[in-house]
Amino acid sequence: MKVECLADLEKRSDAGQIDLLYGDESHFSLLPYVPRAWVFADETVVLPSERGGNLSAFALLSRSNRCFVRTTEGRVTGDWIAEQIDAFAEGLSRLTVVVLDNAAVHIKAVKERLQSWEDKGLFVWFLPTYSPQLNIAEILWKKVKYEWLQPCHYRDKATLHEAVNAILGAVGTTFRIAFKAFGKV
């Protein structure tokens, strides 16, 4: 039933009746994640890393690559996420639905501010539990971490933060994701 409801929201968004954005947060650090790498037997590949340099980001992303993003070096809490959604809600021009997963930090963010957001025309819709494949913001994090960030960006904290902020600031222009229509494989 939830997937059918989301399909209806997608149709309304395609028809221009609502704005539909997907939200999520991710974290970046100087410990790059390399899931696998191929090297020749006589070759050594080194990717320097160190602890620290943490940067967290919260994004609201539409299928048209409209992206509202905020970053912090601090801890991501429900209050911090709520403040970001508050800032986003200030500029709404029509009915807007924000899709979030069921992370505890999202539920806490929504709990106390839902009515004030609805008064501004912003509604929050939660995805079914354990369904990250339905959240296009997950694709954004995958693209940033595994395609758009380069090994040289992990040189130091300042370089990483500058690169992440530059990439996230250019989503929709320099950096675009070709999303398939909802429900298409």
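Miscellaneous remarks
- Rounded to the nearest 10 degrees, the angle from helix 78-89 to the longest Cα principal axis of the chain is 60 degrees.
- Label point distance in nm, Glu4-Tyr146, each placed 7 Å from Cα along Cα→Cβ: 3.3
- Estimated FRET transfer efficiency (Ala181, Asp42; beta-carbon r; R0 41 Å; 0.05): 0.30
- Share antiparallel - DSSP beta bridges, region 1-156, percent rounded to 5: 60
- Shape call, the chain: gyration tensor on alpha carbons, a/c limit 1.5: prolate
- Radius 9 Å from Cβ of Ile177, net charge of other residues (Lys, Arg +1; Asp, Glu -1): +3
- Between 0 and 90°, nearest 10: helix 157-169 axis offset from the chain longest Cα axis: 40
- Under 25 Å from the Cα of Lys111 - lysines, other chains or at least 8 residues apart: Lys2, Lys120
Any read-out appearing in this document is the output of simple, stated calculations on the displayed coordinates, not a laboratory observation. Being a predicted model, the structure only gives us computed values, none of them experimental. Here Cβ is always computed from backbone atoms with ideal geometry, including for glycine, and neighbour counts include all displayed protein chains.
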